[in-house]
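This report concerns only the one structure given below.
The values are calculated or read from the model by the stated rules, or taken from the named source; none is laboratory data. None of the values given here were measured: they were computed from a predicted structure. Virtual Cβ from ideal backbone geometry, glycine too; neighbours counted across all protein chains shown. For the accessible areas, the whole protein counts, side chains as well, though only heavy atoms, and no ligand, DNA or RNA atoms are used. Shrake-Rupley method; radii C 1.70, N 1.55, O 1.52, S 1.80 Å.
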Amino acid sequence: MNRADVLNDLRRVVGARAVIDDAATLLTYEADGCVLDTHPPNVVVLPATTEETAAVVQIANRAGMPIVPRGAGTGLSGGATPIHGGIVISTARMERVLEVDVRNRRARVQPGVINWELSQYLAQYGYAFMPDPSSQKACTIGGNIANNSGGPHCLKYGMTTNHVLALRVVLPDGSVIWTGDGRQDGIGYDLAGVLTGSEGTCGIITEAWVRMTRLPEALRVVLALFPDIPSASQTVSTVIARGFLPAALEMMDQLAIRAVNGMYRLGLPESAGAALLIELDGVNDGLDDLLAEITGICRDLGAMEVRPAKTAAEQAQVWAARKNAFGAMGRLAPTYYLVDTVVPRTRLPATLARVSDVSRDYRLPIANVFHAGDGNLHPLILFDRRDKGQLERALLAATDILHESINQGGVISGEHGIGVEKRDYMDLLFTTDDLAAMAGLKRSFDPREIFNPGKIFPKGVGCGELAALRRRGLPAAELIGADMGSVPSGTWL
């Protein structure tokens, strides 16, 4: 099919205003929040229904074009970057809450619904959607599901996958399925579990049944200030070891404290080496006693100061400082590289000590803002991307941090996904057989490899190549850098 035929077919399906093909506007879709590698698509389509989405996928199949699903573009791993061009399918117009089933504690939503807005909508029923990424006021439910997003409250309530009951999905051949009926206990293969976290490589979500969680009766928020990271980390491990399960345990280091102090005027002592944000939730009776026990642990382990947030406004201010800490980094440097990695909770002090060494070795400041309760680290490497030398050092620093995370028994991503950013680190964690099994799963959904190609698997390695590699018994690293011959190139334009 030539360009004009494809564009005409797309416009017939979704309308002329929902097809974007002018070069200037396409630049808006050349990357997600990971802007180190940018590639504009050939065309962007914004369907409003499942049926329109299926028709767009069928047109892409006839044209032999790659398809890249996209939510709000807030992802941080390049998952929505169209590295081979093709058609970006944006779910921005699919933004309705379709049904609220209070008796079964579930809601049926379209993928373009904003995370924050869903919880605000459900609050009238006394419920919330609990996964809460820092970008929750912009990110979409579809993107959360595609990346299995986390957030501060995932310590107690679990990742996005724990809140997905069933998905309506357009498969790569244009067919449409429901993975289940949205009930708590399903039978057969857990297809919703497979698709959650698949990063748009197996299909595009057009509806979801998600779990609604009852809002707690009461909240307590406290900020504990420590002289250093090890004492704050020990407090986290001790709180968990004694059987307590706070709703959130979040930490900021000294550099991050300085950034949020300047933006939010929290009045925190900048001599503090770490700030630990603790949130407890539950029934009101006994919650203050629980808070007293946990703050007692903080003091016993060397807290310089413990500051309870006494009003809802104070609680909101503390949480705003934490959730917008990344934005506050603009006060310290024009650019940052955000690393997403996980280590066992008890290995936090050793890992962060190595992060400090990396900062010194590469002559770049690194701030740390992270989910301490589950060991999900977010080192922010501060640099100026206009300086090529600083950019190169930032990338090397990130690589060293990922290697250290693996050495400490961790993994290379906690909640941001693999996408483009982490794909060439996959063979550090997985064997050839591991990667080939993953590739086989993707091919069972997408045998032509047109859905979000070039993501997750090492650069230049198609799923078919991985299968062949497995048969030859070679390490996956040997294919990195090879031509990706099985991926459509998008040369129809």
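So the values come out like this:
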| item | result |
| --- | --- |
| Given (1) hydrophobic (A, V, I, L, M, F, W, C); (2) surrounded by fewer than 24 Cβ atoms within 10 Å (Cβ to Cβ); (3) under 30 Å from L338 (Cα atoms), number of the condition V164 does not satisfy | (2) |
| Residues that are touching a helix residue (DSSP H, G or I) at 6+ places or on another chain (Cβ under 8 Å) and either in a strand (DSSP E or B) or of a type in the set (F, W, Y) (or both), drawn from the range 115-127 | Y125, Y127 |
| Scan of the range 396-413 for residues that are without any contact (Cβ under 8 Å) to a residue 60 or more places away in the chain and of a type in the set (S, T, N, Q), ordered by number | T399, N407 |
| Criterion violated by T491 - all others in (1) modelled with pLDDT of 70 or more; (2) open to solvent by 50 Å² or more (accessible area, probe 1.4 Å) satisfied | (1) |
| Qualifying residue in the range 17-30 (condition: free of Cβ contacts under 8 Å to residues at least 24 places away in the same chain, more than 30 Å from Y336 (Cα to Cα) and of a type in the set (K, R)) | yes |
| Residue match in the range 380-397 (condition: among the polar types (S, T, N, Q) and part of a loop (DSSP other than H, G, I, E, B)) | no |
| Residue in the range 337-353 that is farther than 20 Å from T74 by Cβ, outside any loop (DSSP other than H, G, I, E, B), modelled with pLDDT of 95 or more and among the polar types (S, T, N, Q) present | yes |
| Among residues of the range 187-211, those that are part of a loop (DSSP other than H, G, I, E, B), open to solvent by less than 20 Å² (accessible area, probe 1.4 Å) and of a type in the set (S, T, Y), counted | 3 |
| Condition check for T38: within 30 Å of L391 (Cβ to Cβ), surrounded by fewer than 22 Cβ atoms within 10 Å (Cβ to Cβ) and free of Cβ contacts under 8 Å to residues at least 40 places away in the same chain | no |
| Unmet requirement for V100, which otherwise passes all of (1) farther than 25 Å from H153 by Cα; (2) open to solvent by 30 Å² or more (accessible area, probe 1.4 Å); (3) at pLDDT 95 or above; (4) not hydroxyl-bearing (S, T, Y) | (1) |
| Residue count, the range 404-418 (criterion: assigned to a helix (DSSP H, G or I) and within 20 Å of G78 (Cα to Cα)) | 0 |
| Residues being modelled with pLDDT of 95 or more and touching a Gly at 6+ places or on another chain (Cβ under 8 Å) - total across the range 393-415 | 1 |
| Close pairs from the range 1-16: first under 17 Å from G86 (Cβ atoms), partner of a type in the set (F, W, Y) and at pLDDT below 95, Cβ under 8 Å, at least 6 apart | M1/W492; N2/W492; R3/W492; V6/W492 |
| Hits in the range 376-390 - residues which are open to solvent by 30 Å² or more (accessible area, probe 1.4 Å), closer than 13 Å to Y336 by Cβ and in contact (Cβ under 8 Å) with a residue 40 or more places away in the chain | D384, R385 |
| The one condition in (1) modelled with pLDDT of 95 or more; (2) under 21 Å from A232 (Cα atoms); (3) over 20 Å from the mean Cα position of the chain (by Cα); (4) of a type in the set (S, T, N, Q) that Q390 fails to fulfil | (2) |
| Selected residue (only one of M159, M130 is open to solvent by 10 Å² or more (accessible area, probe 1.4 Å), touching a helix residue (DSSP H, G or I) at 6+ places or on another chain (Cβ under 6 Å) and under 30 Å from I240 (Cα atoms)) | M130 |
| Among (1) open to solvent by 10 Å² or more (accessible area, probe 1.4 Å); (2) out of contact with any Gly (no Cβ under 9 Å at 6 or more places or on another chain) - the single one L10 does not satisfy | (1) |
| V45 being buried (at least 18 other Cβ atoms within 10 Å of the Cβ), modelled with pLDDT of 95 or more, at negative phi and in contact with a strand residue (DSSP E or B) (Cβ under 7 Å, 6 or more places away or on another chain) | yes |
| Residue in the range 68-87 that is among the basic types (K, R), modelled with pLDDT of 95 or more and not in a helix (DSSP H, G or I) present | yes |
| Residue in the range 303-324 that is surrounded by fewer than 21 Cβ atoms within 10 Å (Cβ to Cβ), of a type in the set (G, A, S), over 22 Å from Y157 (Cα atoms) and modelled with pLDDT of 95 or more present | no |
| Index of the failed condition, G273 passing every other in (1) within 21 Å of I366 (Cβ to Cβ); (2) modelled with pLDDT under 95; (3) surrounded by fewer than 24 Cβ atoms within 10 Å (Cβ to Cβ) | (2) |
| Unmet criterion (only one of (1) farther than 20 Å from T351 by Cα; (2) open to solvent by less than 10 Å² (accessible area, probe 1.4 Å)) for M251 | (1) |
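Residue-by-condition table, conditions (1) in a helix (DSSP H, G or I); (2) farther than 18 Å from I145 by Cβ:
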residue	(1), (2)
A31	no, yes
H39	no, yes
R93	no, no
R103	yes, yes
A107	no, no
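One line per residue, one yes/no per condition, for (1) among the polar types (S, T, N, Q); (2) surrounded by fewer than 22 Cβ atoms within 10 Å (Cβ to Cβ):
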position	(1), (2)
T81	yes, no
M94	no, no
R105	no, yes
V113	no, no
Y125	no, yes
N148	yes, no
